[in-house]
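Engineer: Provided herewith is a single structure, encoded as structure tokens, for subsequent inquiry.
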Amino acid sequence: MVLKSKENSVGAWFFLVGVIIAISIGIVTTFFLPLTRINQYSSSIYGVLVLLGLIVGFSINVSGKDSQTFLLIGAVLVIVSRFGMESVTGSLIGIGIGDAVASTFSALLTLFVPATIVVAIKTVFSITRV
């Protein structure tokens, strides 16, 4: 029988929900919502993603090597999402999915950045405790 640690399960669930919401936002805002509706609800939608990112950052218990891994992966995701927004939009614009990809990357950035910042601050405080 395998025993699982439940200390990170809340953060993991919020992270999964945030990723699903971010991908859904990318698809829905591009193909199903008119521009006026997007402008009306964008601050609320992105506010929810920032809140989920903060919850993930505060609820994930990372220490030692786990914090280094999370911060490295978080930094890579943020960098790749930001550069991916620009490069993929330019290359896929003729196909018609460039806006969906850029919107999805933007939503993922809105989720990843707060979580990575909170974990980075928690890691700095844990390093300074001697």
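Engineer: Residues of the range 55-70 being assigned to a helix (DSSP H, G or I), surrounded by fewer than 16 Cβ atoms within 10 Å (Cβ to Cβ) and not acidic (Asp, Glu), which ones?
Structural biologist: Here is the first cut: in the range 55-70, the residues assigned to a helix (DSSP H, G or I) are 55-59, 65-70.
Filter once more, so that each one left must be surrounded by fewer than 16 Cβ atoms within 10 Å (Cβ to Cβ): 65-66, 68-69.
Correct list: Lys65, Gln68, Thr69.
Engineer: While we're here: Spot the failing condition for Ser106; the list is (1) at pLDDT 80 or above; (2) over 15 Å from Val19 (Cα atoms); (3) among the polar types (S, T, N, Q), and only one is missed.
Structural biologist: (2)
Engineer: Cβ-Cβ under 8 Å, sequence separation 6+ or interchain: first residue in the range 100-127 and under 10 Å from Gly57 (Cα atoms) and of a type outside the set (Gly, Ala, Ser), partner at pLDDT below 85 and not in a helix (DSSP H, G or I). Which pairs?
Structural biologist: Val119/Ile60; Val119/Val62; Lys122/Val62
Engineer: Give me the pairs, please: first residue somewhere in the range 64-77 and on the phi > 0 side of the Ramachandran plot, second residue anywhere and among the hydroxyl-bearing types (Ser, Thr, Tyr), beta-carbon distance under 9 Å, and either six or more positions apart or on two chains.
Structural biologist: Every condition considered, the pairs that remain are Gly64/Ser126.
Engineer: While we're on this one: Give just the number: which of (1) of a type in the set (A, V, I, L, M, F, W, C); (2) surrounded by fewer than 15 Cβ atoms within 10 Å (Cβ to Cβ); (3) at pLDDT 85 or above does Ile117 not satisfy?
Structural biologist: (2)
Engineer: Which of (1) assigned to a helix (DSSP H, G or I); (2) touching a helix residue (DSSP H, G or I) at 6+ places or on another chain (Cβ under 8 Å); (3) modelled with pLDDT under 85 does Trp13 not meet, given it meets every other one?
Structural biologist: Evaluating Trp13 over (1) assigned to a helix (DSSP H, G or I); (2) touching a helix residue (DSSP H, G or I) at 6+ places or on another chain (Cβ under 8 Å); (3) modelled with pLDDT under 85 leaves (2) as the failure.
The values are calculated or read from the model by the stated rules, or taken from the named source; none is laboratory data. Values in this document were obtained by computation on a predicted structure and should not be read as measured data. Methodologically, a virtual Cβ is constructed for each residue, glycine included, from the backbone with ideal geometry; neighbour enumeration extends over all protein chains shown.
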